[in-house]
1. Rounded to whole Hz and in sequence order, give me ³J(HN,Hα) for the stretch 405-419 from the Karplus expression 6.51 cos²θ - 1.76 cosθ + 1.60, θ = phi - 60°, writing x for Gly and Pro.
2. Amide H neighbours of Tyr266 under 5 Å, counting only residues 5+ apart in sequence or on other chains, H built in-plane at 1.01 Å?
3. At 222 nm, what helix-only mean residue ellipticity would the chain give, in deg cm²/dmol to the nearest 500, using -39500 (n - 2.57) for each DSSP H run of four or more?
4. Could you state the accessible area per residue of the chain in Å², with a 1.4 Å probe and every protein chain left in place?
5. Convert 20 °C to kelvin, take the viscosity as 1.002 mPa s, use the Kirkwood radius over C-alpha pairs of the stretch 244-319 as Rh, and evaluate the Stokes-Einstein diffusion coefficient in µm²/s, rounded to a whole number.
6. Tell me, what is the percent relative contact order of the stretch 286-329, built from C-alpha pairs under 8 Å that lie six or more residues apart?
7. Over its Cα atoms, what ratio of radius of gyration to 2.2 N^0.38 Å does the stretch 142-221 give?
8. In whole Å, how far is the Cα centre of the stretch 613-630 from that of the stretch 224-249?
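The values are calculated or read from the model by the stated rules, or taken from the named source; none is laboratory data. This structure is a prediction, so every number in the text was calculated from the model and none was measured. With ideal geometry, Cβ positions are generated from the backbone for all residues, glycine too; neighbour counts draw on all protein chains shown. We work out accessible area using only protein heavy atoms, side chains counted, and drop any ligands, DNA or RNA first. Shrake-Rupley method; radii C 1.70, N 1.55, O 1.52, S 1.80 Å.
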Amino acid sequence: SYEDTAAVNGTSYYYAVTAVNNQGGQATQVPSVGPRTPRHETDLQVTYIERTPRYPRYDPIYTYYEITEPSGFGPYAFTAATGLGMGQNASTQRFPNVGDVVTYTAHLRNRGTVNVAGPISGTWRYDGNVIGTANVNGPLAPGASTGTFITRVWDGQSHTISFTIDTPDERANNNMLAQDTNAVGYLSYIDRSYEENFRETTPQYPQAASDDFIHWLHLHLARMNQMFADAGSAKRVRFDLLEVLSDYDPDPNTPTIYYAVFPFRYRASDGSLRLSGYYDPPDDIDYGLLHEKGHQLGLIDLYRMDLPGENNLVSGQGYSTVACLMHGVSHFFSAHSALAMNHWLNVAHGYFGQYLYSTPATIRMRFRGPDGQPLVGATVKMYQKLEVPGVGEIIPNSIKAQGVTNANGEWDLPNVPIDTSLVPTTFAGDTLYPNPFGYIAVVGTNGLLHFRVEKNGGVDYAWLDLPQVNTAYWQGQTDVAVFERQVAVGGPIQFVPPVDMTELNASDWVAWAQGSDATNTYVVNDTSAGFHPVGQGSIKFVTDGGFDTSIRYPGTLTAHWNLAGTSLLHIQLRTQNPNIGFQNGSPWIRLLDADNNYFQYQYYQNGAPFDLLNQTIGAWHSYSIPVNAPPNPLNGWGRTSVGTPSLANMHYIEIHADTWGGGFTMWVDGLNFTPQPFIANDSNGDCHADLRDFAALQACFGTSSPCSAPQCTPFLNGGCTVDLADYATFQAALSGPVQYLSQCAP
């Protein structure tokens, strides 16, 4: 061993150790240790308060299944808790009995560099009232620990117990620790070098709340408790064991069944949590660490209910569930996660995700049209995100159930019967009842329903996920829960897109971003100077998402566009991107039909998709895209096809982008086609359907036109020919000047 007696307090040193053999050979290329900065500090800290006796968490045994429902829907994979390990059973004690005596032990540590002679005095408080004092004998050497305890009678209620070191030292912010008596206890060990590295690197973070790693970890649990409180949950967490080890000590043989554990040990070789991608400097909190600690309470990764558009074989639309610490590592708990913890408030932890079983007896969808009125007589087809064995997590193009909306625009989702021999009630009391999702996977992989809504030739889509269903159940809708969706079906039919699809019509656009939500991903009109080169305004798309993001038009109308006569798609773009830039051939633009067949347009350079959108960062750029662009050109705009799209029957236009990192803003203006499509039944170009147009309509359809022709069916009175009996319907449908003047060329 070696002791450096010449080191000066406040000066940082690096040390390197080398070995010399008997022949004088020496290795001189060796790694150093450091920096290490000697200091003179008197610092006592409360490291943790343990509660004994301890009782074990649940140790569930999970079984993997591949199931096909009685209706034939499936197969899909799920797991369910089917038993308990470690000899546990229904009689295993989980908490003290009311009336039992419990012991609280405050562990005190000399974090400083000088001996504390003692005695060390302190005060116990219970719900703010003094219940005892302590005088712990010294001396206490640097790095050494001691303890003091007090007993209370357990009443099963939530109380606050605290211990305060009253002996003066040079640092007061780690001298008191308070915790909820019912809080879940965590365990972690810390290597001495990890603790020292944390202290040494803290000056690099001007907003750091502490250079004491133990104190810093307690600040994390305090932040987690505040997030629970802000979300309305009574769940609380604490440390029940938190100790520093020598770097080379073996892992303690601690039975972890009594604790929530993450991580088990902060090892000397581990990197700093302040280098985490989820570290927030102003808060000095690593929210990624809190996310992982959330898993120890049984909270699932909510992003398992997200869906990238390419995995949706029904509509191609993507989906992201509610923002939360457990989804996107938001700095708050969603109502879903908070209520899940209230549901398990007096339940020992150990189970994972079974709170998803909380579903109402009846789940009812209520659909409204663009005018807000009930959508009557619409056909609804229901699909589901599944973990398909051998395929992955997709929404297959397989209808799970379908029905027709009633006079209130409502449809009750049919429940799937549950074989309880496969999914027994958990020992924590969660039962999977018949429900539309079927055998709910505890990790959430099948917790997403997708609806195709059809009426009068129009099609739109809607979603329902388990977090919404569970939240409704926990808020009291245990018998019937109603979920309302407004869809672009049954409203005005748009036969041609406007001359400018981006003119003060943000409400007609739909925004989406993988891993984001409606709060952080949206479209607004922008009339600011310099941000609308065409007309009075542009469309401004704001998102915090990364990966695939998109905006879609129209979102409030039923489009039946015949674009066969167009030659160019014009668009003007401007972006703001604080990240490295755009990627994945951004932008890519899609023209889609109601069945998710589409043409995709991207700019190519040297035979590969090029990130043209990077040109638009901070400046407007105009592009004219050939509607019939060639596939995979060497340079220029190219068009690829998915499915069997037809320009004569387009329903939507989508603009997609992908950024490095997450979050950007995109402005879109001057979006239109040339030649401008016309209203097929407006033969004289006056934007109105009248008697002068009727002959053209009749000639267009003839006497053998099929009833399914999309531009024909809205005007027929039950027959498959166009005659004077159709005129009233024809005139009413097409003559509205408000609806159609905006769709005609000036």
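1. Running phi through 6.51 cos²θ - 1.76 cosθ + 1.60 with θ = phi - 60° gives 5, 8, 5, 9, x, 10, 8, 7, 6, x, 7, 8, x, 10, 8 Hz.
2. Close amide H contacts, sequence-distant or interchain: Tyr189, Ile190, Asp191.
3. After summing the helix terms and dividing by the residues of the chain, the value is -3000 deg cm²/dmol.
4. In whole numbers, the chain has 42 Å² accessible per residue.
5. Stokes-Einstein gives a translational diffusion coefficient of 134 µm²/s.
6. 43 percent
7. In units of the globular-protein estimate, the stretch 142-221 measures up at 1.32.
8. After rounding, the separation between the Cα centres reads 51 Å.
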